[in-house]
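**Student:** For reference, the structure I am asking about is given below.
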Amino acid sequence: MQTELAADIAAIEAISSVPTILEAVAAITGLRFVCIARVSADSWTTCAVLDRLGFGLKVGDGLDVATTLCEEVRDTGRPVIIDNVSQDARYRDHHTPRMYGFQSYISLPIQRPDGSYFGTLCGLDPLPANLSNTATVASMGLFAQLISKHLESELKLNESQCALLSERDTSELREQFIAVLGHDLRTPLSSILLGAELLRREPLSAQATGVLERMRRSALRISALVNDVMDFTRGRMGGGIALSLRNEAGLRQSLEQVVAELQGAYPEHRILAEIDLPGEVVCDGGRIQQLLSNLLKNALVHGAREEPVLVRALVHAGELEISVLNGGPAIAPATIDQLFKPFWRAPGHAASEGLGLGLFIVAEIARSHGGTLEVKSDHGATRFTFRMRAGEPAERRGAARA
């Protein structure tokens, strides 16, 4: 509660025009004590004050709310205005004027941006004053609204600052996270893989060779997962996957290598590939390999095992087109909308098949290349097609991305 009260006082203190508003209220009304009070069901606290009476209240000081007329303003939502207590039938015998020694008094409600009650703009004086005239009441109402608007602006500013701080914190955490993945995990993984490769050259028993191969494959799998998480982190929070664009003359061989590796990893499936890329393609060759690898793995895992997976890569009308088609039940339109979201898996597929980042990374690679990704699924077949401009010089593409 005290933390909330301190925040409310700070919000009023942050409004640079508050002293001017209090001076204007004093000038218009002739009242020598003017303040903004935070009023709740059980407390009355000064947030800002102009005291020419020596009343003694300072910012942060409180009164028993039951002894104030601001409690009535809070309960009714209406102003309390007294020109002359001694001539006012309602308030001449009221305990509050007697306790605080005033004859004239005005108090108007201040609303929070969400419409809830904040407190009052109020003033008083030991002498009578003409406060109930239309001009004074209208001016006081405008001042109360102005304070409310300032509170709204201050709230939005604080939210923006908090969001900015949160974004900075997120950015720092992201960099730390990438550093941990990039060094603290990759370094020991590289050592394990290097050690496994050296051991493969040594004469080992059949059992030891089998254990070593399982270790090597596990390390490769962990390395692939680390790479996927790093790509996800950069793609989701770091402004997209970074590319190294160049004129790739050997893209055909790179894609054929992907097909050969996955055919070896999934010998029970049949992959038919048509790759016709006679010239150069401006792209990040490693990322295009990754794109095809992820699409092809997806087809091998989710497609019908008895039907071949068809891979096509060609340049047509200045566009590189890579497509992967697999047989199997059609994907529902609602599911297609989910495919490229991170960590999404089709119902019934185990977590052991990966993190669910493969197609998300495909989409990020396509986006970073300025390309498009299309999914068509009907009549027992599903095709993923990636397209991008093939012939734009790498220098110009890189400048456009920057």
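All of the numbers you see were taken from the coordinates with simple rules; none came from a lab. Just so you know, these numbers come straight off a predicted model, no measurement behind them. Using ideal geometry, Cβ is built from the backbone for each residue, glycine included, and neighbour counts are taken over all protein chains shown.
**Student:** Report the calculated FRET efficiency for Glu374 and Ser190 (r = Cβ-Cβ distance, R0 = 35 Å), to the nearest 0.05.
**Tutor:** The formula returns an efficiency of 0.40 here.
**Student:** Still on this structure, I have one more. With 16 Å as the cut-off, how large is the P(r) tail for segment 86-155, expressed as percent of Cα-Cα pairs?
**Tutor:** Of the Cα pairs, 56 percent sit more than 16 Å apart.
**Student:** Given H placed on each backbone N at 1.01 Å, which residues far from Trp44 in sequence or on other chains put an amide H within less than 5 Å of it?
**Tutor:** Long-range HN contacts for Trp44: Leu63, Val65.
**Student:** Compare the peptides 356-369, 111-124 by average per-residue count of other Cβ atoms within 10 angstrom and give them in order, highest first.
**Tutor:** The packing order, highest mean first, is 356-369, 111-124.
**Student:** How large is ³J(HN,Hα) for each residue in segment 213-219, as worked out from phi by the Karplus curve 6.51 cos²θ - 1.76 cosθ + 1.60 (θ = phi - 60°), to whole Hz, x for Gly and Pro?
**Tutor:** Using θ = phi - 60°, the values come out as 5, 5, 4, 5, 5, 5, 5 Hz.
**Student:** Now for a different question. Scan around Ala390 for amide H atoms under 5 Å from its own, H built in the peptide plane at 1.01 Å from N, and keep only partners 5 or more places away or cross-chain.
**Tutor:** When sequence neighbours closer than 5 places are left aside, the close amide H contacts are Glu319, Leu320.
**Student:** Would you kindly derive the ³J(HN,Hα) couplings of segment 37-48 from the backbone phi angles with the Karplus curve 6.51 cos²θ - 1.76 cosθ + 1.60 (θ = phi - 60°), listing them in order in whole Hz, with x for Gly and Pro?
**Tutor:** Using θ = phi - 60°, the values come out as 10, 8, 10, 10, 5, 10, 8, 9, 9, 6, 9, 7 Hz.
**Student:** Sticking with this one: Residue by residue, what Karplus-based ³J(HN,Hα) values in Hz, rounded to whole numbers, does segment 372-387 have, using 6.51, -1.76 and 1.60 with θ = phi - 60° and x for Gly and Pro?
**Tutor:** Taking θ as phi minus 60°, the curve returns 10, 10, 10, 10, 10, 9, 6, 6, x, 8, 10, 10, 9, 10, 10, 9 Hz for segment 372-387.
**Student:** Right, another one. Are there any trypsin sites (Lys or Arg not before Pro) in segment 33-97 that are in a DSSP loop and have at most 12 other Cβ atoms within 10 Å? List them by number.
**Tutor:** Sites meeting the loop and neighbour criteria: Arg52, Lys58, Arg90.
**Student:** When all C-alpha to C-alpha distances in segment 246-401 are sorted into bins of 5 Å, what percent of pairs does each bin hold, rounded to whole numbers?
**Tutor:** 2, 9, 19, 23, 20, 14, 8, 4, 1, 0
**Student:** Taking amide H positions as placed 1.01 Å from N in the peptide plane, with prolines and chain starts having none, which residues 5 or more places from Glu248, or on another chain, fall under 5 Å of its amide H?
**Tutor:** The list, which skips near neighbours in sequence, is Val281, Val282, Cys283.
**Student:** Sticking with this structure for a sec: Per residue and in Å³, how big is the convex hull formed by the alpha-carbon atoms of segment 75-117?
**Tutor:** Output value, Cα hull per residue: 81 Å³.
**Student:** Report the rotationally averaged projected area of segment 2-160 based on its alpha-carbon convex hull, in square nanometres.
**Tutor:** With every direction weighted equally, the projected area is 8.7 nm².
**Student:** Right, something else. Where does segment 235-326 land on Rg(C-alpha)/(2.2 N^0.38 Å)?
**Tutor:** Here the answer is 1.14, to two decimals.
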